[in-house]
Structure formats: structure tokens, C-alpha cells
Amino acid sequence: METSPRRNNKQSIHKNPWFLGTVVCIFVVSVLLNIPIEKRRYGFTQSKLTTDYTGLLPERIDRIVKVGGRSELQKIVNEANEKRQHISIAGLQHSQGGHTYYKESIVLDMKTFNKILEIDKQQKIIKVETGATWEDVQEAIQPYGLALKVTQSQSIFTIGGSLSVNAHGRDIRFGPMAGTVREMTILTPTGEMKTVTKNDSEEWMKYIFGGYGLFGVILDVTLELTENDVYTIHTEELKTSEYEDYFSNLLSNDNTSMHYARVSVAPNSFLNEMYVIDYKNTGKKDHQTQLKKERGARIGKLALDIGRQGGGLENLFWENQKLLIKSLDGDEITRNNAMRGNSAFMEFTKPGRVEVLQEFFVPVEKFEEYIRDLKRFLPSNDKNDDFKIHNITVRYAAKDDYSYLNYAKEDMFGLVILIQHGLKEEEINNAKAIIQGWTDLTLKHGGGYYLPYYHYQTKEQFRKTYPSWERFHEEKLKRDPNGVFKNIFYDYYF
Ligand SMILES: Cc1cc2nc3c(=O)[nH]c(=O)nc-3n(C[C@H](O)[C@H](O)[C@@H](O)COP(=O)(O)OP(=O)(O)OC[C@H]3O[C@@H](n4cnc5c(N)ncnc54)[C@H](O)[C@@H]3O)c2cc1C
């Protein structure tokens, strides 16, 4: 007698769509809120070992100097030069091959050296200290309706770090980042403070850009700016075999200012499918739109984590990415916001594994045959392999005559690869072997690889990719005879 009303009550609860909907919503929200967005632990501590973004090269340093003023810095450099101490320079340490520290070195932490010194709206230039991030610069120039000419897809890096790797990003019109620097003040290895330009007969800039902090400290730079234009986003799905033609049309059509692309690494469409994202001029300028904040990190991470499983789930991830990209088609965005990609969703902290970046460059007109060769070299399904590829994006890197250690000896496509592998010795060796094979294949097509990342490559591959290495080295010995500026990257390759 007592049981039937309760049963009825239960049935009616289960039949109630509002109740079920609420339960599902609570479940989904609590799953999303519980996706951890923990930050990788890297950087400096005096008691423990120092590492950079991947943590692959732990090392003990002597001390960290939080850079405050120029005369203090000059004193440190002069003293190191006299006493034959080593100095390394660190921005935000997103480089991954020990570029920012060295055994028992004094590390200059540039993050505090971040003042905006001058903005000239008429001339469209900004003078800024180099520990500032691109984000800091964007915040300062956005109210004037100004924007950067060249930066990376994210704005989280320091200016000094980006110039010292000679970074590239989504802009396809303004050439290499180095070309946007009008003037800079540097502190040389022998303690001189110098203001240099591109016409300086000693060519300091050519060694400083892409110089990985080996030719001195960049104290401030005067950067050329452009207008904060408004773009419409155009997206399109392509076959990788169609990309070369697509891009050459894009480049000769003045209407598009920025561009990047993504290539499928999902088993069903591996290196066959891609999509492009173009930023087309609308003719409008913007002074009002706020700089966008990082959004959707948890959902982004959930999606990437699904892709990280490989196999069928990677197919699902790719199909979802395509839908997401398609949904952006026709949206408007400011130039400043197009240069502020999200980054938090990429954080990866699984014990015993590491996620690293590598970037390969290939001449623009070699892309199609390069991808054809790559398809034969890489397995299309890495679900059961230790070495896994999660993502390939493509950017354009225009010919660079501004630096000696240059990766773009002609117009290149840069393929940025997100890779995961284990940390056991044999797993690292396996990753090394694959990446070295991949580098040989790239060299065969007249390409090369980028230097801010972990050095899986051999010295021989470095010398082939960067034939000016010898000149770079000779100048290093001449301009820094006591080896004041040193880092693990230099020690490995030179
Ligand atoms: C998630 C992610 C995304 C990335 N995306 C891109 C991209 O889109 N395009 C691209 O080109 N690269 C990209 N990179 C590479 C990155 O741009 C470079 O590692 C660099 O720009 C990072 O800046 P940072 O402040 O972390 O420099 P750091 O890693 O701290 O330093 C890099 C180099 O610069 C030197 N240095 C730093 N400050 C100074 C200074 N004031 N004077 C002299 N030398 C100095 C250091 O000694 C070091 O050799 C990416 C890296 C990561 C991890």
C-alpha cells in the first residue's frame, strides 16, 4: 500500500524533462569546471634546478638578477667580462632548448624591465623596454587605434625574446619581424651601451635578431606600428595539394592582410585535408573594441585532450575543429585581437610525458611535394605509438635579409608541429631519431628547422640549415672575446 505512491512519484520525476535537463546541465558544468588548467612548472628557483618551458634541460644556475636599471646592468656585464663569468638572458622562457640559462650562469630576468617609453601616434612608432610583452604593447597602443606590424599568433612573449628568435606570425604583408624595428639600444658583451639602426656599419642588428641573447642585451626598441584595421574572417577547406595555388593567389591579392592554415593529422584525412583562415581588409579602423581576454580554455583543453587520444578520437577532434573554424567565417575582428590567440588550453602536465614544439620551413613552391614525401615518412595513425603528433599549423615566413642566422633564405612556409612523447631515455631517443629523419627530409626540399625549440637535431643538420653559422660564430668570438653571454643552446651547437 505504501510503495505505489512513491513509485509513481519517482516515475513522474524521471519523466520530468526539466529535472533531467537540470541534472545533465549540472553534470556537464561540473565536468567542465573540473578540467584542470594547471600551468606547467618551469622557471627559476635558487634551491631547485632551473628549466624552461619543457623542463627537458634542468640546470643549476649561479643567481638571478631581476633587471631594474641600465647602470646596474652595465655594472654586472662589466664585472662578468672582467671575471670571465657567464650571463644568460631570460624573457618568459617559452624557448625550449636551454636558451635562457647556463650552468652556474648569472641569469638576467628581463620581465621587470618593461616600461613603455614613448608612443608617437603621428609617426606610428613605439619605444619600449624589451621585458615588456606584446600584450603590454597592445594595451598601450590600442587606445590610439594602432597595432603591431608583426608578432606571433599569441601575445604572451617578451619583445626581447621574440626579436632574439626573430619570430614570425600571421601577418603576410610586413615581412620579417626584424624589418619592423627602427632602432634599438643594446648593451654589448664588453659593457658598451649603443644605439643601433639597420644602417649601422658594424651590423649589430644582424647578429642580435635571431641571435639568441649571445651578442648582448637588447634594452629598448623603437618599433614601427600600423593601424588597428578591422578584418572579416574568411575560412575555407582545401586539399593540401591545392594550397600552393591558393596561397599564391592570396599573396597577389591585396585584400588579405593576415593568414594561417591548419593541416589534418587525423588518421582519416592525414596530411590530405587542411583549412585556411584569412583576415580580409574591410577598410574600417577601430579605436573602441577592447582587447579580447583568453576564453574557453577548459572547452579547448577538453577538445585537445580528446585529440590527444589519437585514432578515431583524433578524427572526431578534426571534424569538430573544422566545424568550429567554419563557424568563424564572416566574423569581424580587429588586427590587435587577431594577434592575441589563446594559449592556456595548450598546457600539458602529464607526469612522464612532455609536449614540445618543432617548426620546419619549406620553400613556398615546394609545399606540395614536401607534404607528399611527408605522408610516406610519418604514420597516419599514431594511436599506439609513443611519438604522437597533435597539430600542424602553417604560417608564411617572408625572405629575411635582416639576420645572419636566418631560417627564411627565401619565402617559406613554416609548419609548426605540436608533438608529445615519453621521458624515458629510449622514448627521447626515438623522438630524436624521428625528428632527425624529418629534418633530413625537409633539408632535401631546400628547407630547415627553427632554433627556439629543443635540439633534437644534429650539429651537422644545424650547419646545413644555417650556412652562415660560421660567420655568426666568428663574430661572436670577436665581439664577446671572454664569452660573457652564454646559454645551453650555444654550448650544444657551436
Ligand atoms: C606556445 C608557443 C607558441 C609559440 N608561437 C610562436 C609563433 O607563433 N611564432 C614564432 O616565431 N615563435 C613562436 N614560439 C617561439 C617563441 O616565439 C619564442 O620562444 C620567443 O618568442 C619566446 O619569447 P620569450 O619571452 O618566452 O623568450 P625567451 O624564451 O625567454 O628567450 C628567447 C631567447 O631570447 C633571448 N632574450 C630574451 N630577452 C632578451 C633581451 N632583452 N635581449 C637579448 N636577448 C634576449 C634569450 O636569451 C633566448 O635566447 C612559440 C613558443 C611557444 C611555447
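Show me the trypsin sites (Lys or Arg not before Pro) within the range 263-333 that DSSP assigns to loop and that have at most 12 other Cβ atoms within 10 Å of their Cβ.
Sparse-neighbourhood loop trypsin sites (Lys or Arg not before Pro): 293, 295.
Would you compute the Debye intensity of the range 65-108 from its alpha-carbon atoms alone, equal scatterers and no solvent, and pass along log10 I(q)/I(0) at q = 0.25, 0.34 Å⁻¹ to two decimals?
-0.92, -1.21
Show me 97-109, 201-213 ranked by packing, highest mean number of other Cβ atoms within 10 Å first.
My ranking of the peptides, most packed first, is 97-109, 201-213.
When the dipole is taken about the Cα centre of the chain, and only Lys, Arg (+1) and Asp, Glu (-1) are charged at their Cβ, what size is it in debye, to the nearest 20? Could the numbers behind the result be given before it?
Values: 65 positive and 66 negative charges, 293 e Å.
Using only the charged Cβ atoms, the result is roughly 1400 debye.
Alpha carbon centre of the range 222-300 versus the range 404-418: separation in Å?
Cα centroid of the range 222-300 versus Cα centroid of the range 404-418: 18 Å apart.
Please list, ordered by chain and number, the residues whose modelled amide H lies under 5 Å from the amide H of residue 228; skip anything fewer than 5 residues away on the same chain.
Answer set, sorted by chain and number: 146, 147, 286.
Going from the alpha-carbon gyration tensor of the chain, what semi-axes, largest first and in whole Å, does one get by taking the root of 5 times each eigenvalue?
On the way: eigenvalues 325, 140, 134 Å².
Semi-axis lengths for the chain are 40, 26, 26 Å.
Quick one: how many lysine pairs in the range 334-409 have C-alpha atoms under 28 angstrom apart, if they're 8 or more apart or on different chains?
Qualifying lysine pairs in the range 334-409: 11.
In what sequence, highest mean first, do 175-184, 17-26, 87-96, 359-368 appear when ranked by Cβ atoms within 10 angstrom?
Order by mean packing, descending: 87-96, 175-184, 359-368, 17-26.
Expressed as a whole number of Å, what is the distance separating the alpha-carbon centroids of the range 120-137 and the range 334-392?
31 Å
In whole Å and largest first, what semi-axes does the C-alpha gyration tensor of the range 223-338 yield when each eigenvalue is scaled by 5 and square-rooted?
28, 20, 10
Over all directions, what mean area does the Cα convex hull of the range 272-396 project, stated in square nanometres? Could you put the intermediate results ahead of the total?
Working: hull surface 39.2 nm².
Approximately 9.8 nm², given one-decimal rounding.
For the range 99-196, compute the orientation-averaged projected area of the C-alpha convex hull (one quarter of its surface), in nm².
So the mean shadow area of the Cα hull is 7.3 nm².
We did not get these values from a lab; they are worked out from the coordinates using the rules stated. The shown structure was predicted, so the numbers you read here are calculated from the model rather than taken from an experiment. For neighbour counting, all protein chains shown are included, and Cβ atoms are generated from backbone atoms with ideal geometry for every residue, glycine included.
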